[in-house]
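Written below as structure tokens is the structure these notes are about.
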Amino acid sequence: MLSRRETILSALRATTGFAVAASSPFGTLIAGEAAAQPAGGVRLPLGAAVRDDPLEKEADYRAAIIRHCTQIVGEGGLKWYDLRPSRERFVYDRPDRQLAFATANGMTLRGHTLVWYGAMPDWTKSISSAAEAEREMVGHIEQVMGRYRGRIKSWDVVNEAIPDEPASRSDIRPSIWQQRLGESHIALALRTAARVDPQAQLVINEYDIEFVGPRFRRKREAFLRLLRDLKLRNVPLHAVGLQGHLRAEIPIDKEGLSAFISECRTMGLQVLVTELDVVDEKLPGPPEVRDILAASRVYDFLDAVRAGSPIDSILTWGITDRYTWVPLYFKRADGLENRPLPLDRDYRPKPMLTVIEHFLRDRR
Ligand code: XIL
């Protein structure tokens, strides 16, 4: 008789043409799911982005974070939009609470993010000269990193610096900083960060690095060009963050990704997975099938990352399908709920969790 997993795997093949050999590493892992579950209460070295509201108000949500995570990052709170309602005011309530929660539960908090084109308050549009941009950006990093010096030990100093369609290898995404200061704003941000907290891990964080296709290859090339240039000029930079918002309908370029990661390693950079989830907008409907497809993408991704380097950290962008940014941007046309994360909306573990645990256990 076929096991439940084998039944699902063959349904998967029939509905999608996607063949998972039960004997493949992924197939074995998924088939052995029940056996691989750790005993209750085991804390896994996983990280997740947290949302403030449920963290405060919902015991189940808090319990899931405490049970599964050793690090957290605010989904919001440290973004300019949240911190800086006006030029003069810094509002630290949310990150302060996140840090208190992390500390009380023996976790660390990552800092996300100091320099980004997104989530900028309107008033920053009035920054009109290079001198003013430099003053605002440097002042922001001094204030914010300074406040959490020694307490937030890893920072996404620069987020999403490479455009979606780089016109050339030297193309940098437009932002108020890029417009007023040019590419040099990136080195300035990193140098400022190193001066403010010399012990902190400084990270450049990026997405769309992992897929098959010329657009993604060009993005990898443009990203590598930037990283090499920073390293060549001795700009302080310790790690590359791969966001890992996997788009389920696009395969992972395993060779391209591991080659990219080996290159990063050669430059002395660590590699973190910072925002893992699976955008399942275009996957078939049935949750059991969809969850396996999503998990298989996560497997391919983490396998390719690990082929290029030991994985230093994995954070998912949320913990439960109940709270995720995905439907805001990638709502499914069939009206079914998105399922991008390791736990379902009732906090039950999904195959994706099995895969992540496998890679966390199997560190090299
Ligand atoms: C998203 C948050 O999850 C949303 O709640 C918010 O409204 C918009 O930003 N890449 C990033 C994150 O670096 O900051 C984004 O987070 C998701 C994509």
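Report whether or not Thr354 is without any contact (Cβ under 8 Å) to a residue 40 or more places away in the chain and away from the ligand (no atom under 16 Å from the Cβ).
Working: without any contact (Cβ under 8 Å) to a residue 40 or more places away in the chain: no; away from the ligand (no atom under 16 Å from the Cβ): yes.
Answer is no for this residue.
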**Study point:** Wholly enclosed helices (runs of 4 or more DSSP H) of region 48-166 bearing at least 2 residues more than 15 Å from the ligand (Cβ to nearest atom), within 22 Å of Val203 (Cβ to Cβ) and modelled with pLDDT of 95 or more
**Key:** 93-104, 130-147
Practice item. Write out, first by first residue and then by second, each pair whose Cβ atoms fall under 9 Å of each other, whose residues are 6+ apart or on separate chains, and whose first residue, in region 260-276, is within 14 Å of Ala48 (Cβ to Cβ) and in contact (Cβ under 8 Å) with a residue 12 or more places away in the chain while the second is of a type in the set (D, E, K, R) and surrounded by fewer than 18 Cβ atoms within 10 Å (Cβ to Cβ). Key: Leu272/Asp312; Val273/Asp312
**Study point:** Pair list, Cβ under 6 Å, 6 or more apart: region 194-208 residue on the phi < 0 side of the Ramachandran plot, other residue acidic (Asp, Glu) and open to solvent by 40 Å² or more (accessible area, probe 1.4 Å)
**Key:** Val196/Glu142
Review point. From the set of residues in region 187-214 that are more than 16 Å from the ligand (Cβ to nearest atom) and touching an Asp or Glu at 6+ places or on another chain (Cβ under 6 Å), which is nearest to Ile261 (Cα to Cα)?
Key: Val212
Review point. Among all residue pairs at least 6 apart or on different chains, which show Cβ distances below 8 Å where the first residue, located in region 154-175, is farther than 30 Å from Leu99 by Cα and the second is within 13 Å of the ligand (Cβ to nearest atom) and open to solvent by 40 Å² or more (accessible area, probe 1.4 Å)?
Key: Arg173/Tyr117; Pro174/Tyr117
Point to revise | Counted residues, region 304-345 - those being aliphatic (A, V, I, L, M), within 13 Å of the ligand (Cβ to nearest atom) and surrounded by 22 or more Cβ atoms within 10 Å (Cβ to Cβ) | key: 4
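The values are calculated or read from the model by the stated rules, or taken from the named source; none is laboratory data. Quick caveat, the model's predicted, so the values are computed rather than measured. All Cβ positions, even for glycine, are placed from backbone atoms using ideal geometry, and neighbour counts span all protein chains on display. For the accessible areas, the whole protein counts, side chains as well, though only heavy atoms, and no ligand, DNA or RNA atoms are used. Shrake-Rupley method; radii C 1.70, N 1.55, O 1.52, S 1.80 Å.
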